[in-house]
Ligand SMILES: [Zn+2]
């Protein structure tokens, strides 16, 4: 694993959603970059005076600094209408940044967009197309359906979770930097009980699922939106093509936040 490129729809997705996962990677010494398709100008939350697109761009830079993310590529597609832009065009933007930073992995929200937001789904679809085209692995942040169901019952939201068999690899995370990054999005985080309830329900755990691997023939290749990915394609199932990965980054993840994985050829291959 050389570097990770997170592909998101809105400023704050990198913190509210991916913050603890990104922090987990940077703590392991893995560089993380972010591509954000919109300025988030359509948000109904506007807790700071001024132009929301400008405010949110500034907030994104501050949050990225806290999370140790670089580069940050903020594009200007229309917030709330990302799914009206051709996937190929959005994927082209992702590929441009892949060419610059040469990540081994892309990181996205789960196929359903976690909250069900069409922009999130569009960002994931674009990343999947880019991953296929450039032969990069695609990792998705997923939430347990137990957490999603709880949030939906309490708040009337439309979270899309996964059953236990589809959660992939479990990470033990710290929330410290994520919470600081969330606070940097002051226009969005002042009144956001759903966000804080989700984090409380997840505790120190997050989950990453492999949505696509080069040459892997995962069911996800059939297209974003398919929820039929078999459990045996989960990261921890042993089907990861070890010969393609040096080192295997996922070994022992559930048991230690700072486990044996560190980037570089000195780490033994999986199974060693
Ligand atoms: Zn979002």
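Descriptive notes on the structure:
- Modelled spin labels at residue 87 and residue 176, positioned 7 Å past Cα toward Cβ, are 4.1 nm from each other.
- Shape call, the range 73-215: gyration tensor on alpha carbons, a/c limit 1.5: prolate
- Once both labels are positioned 7 Å from their Cα atoms along Cα-to-Cβ, the gap between residue 3 and residue 205 label points is 3.3 nm.
- Rounded if a/c under 1.5, otherwise prolate or oblate - the range 1-129, Cα gyration tensor axes: oblate
- Judged by the mean number of other Cβ atoms found within 10 Å, the most tightly packed of the peptides 117-129, 190-202, 72-84, 32-44 leads the ranking 117-129, 32-44, 72-84, 190-202.
- Take 139-149, 165-175, 86-96 and order them by the average number of nearby Cβ atoms within 10 Å per residue, most first; the result is 139-149, 165-175, 86-96.
Computed from the coordinates by the stated procedures, all read-outs in this text should not be read as laboratory data. Keep in mind that what you see is a predicted model, and the values were worked out from it rather than measured. Note: ideal-geometry Cβ built from the backbone for every residue, glycine included; neighbour counts use all protein chains shown.
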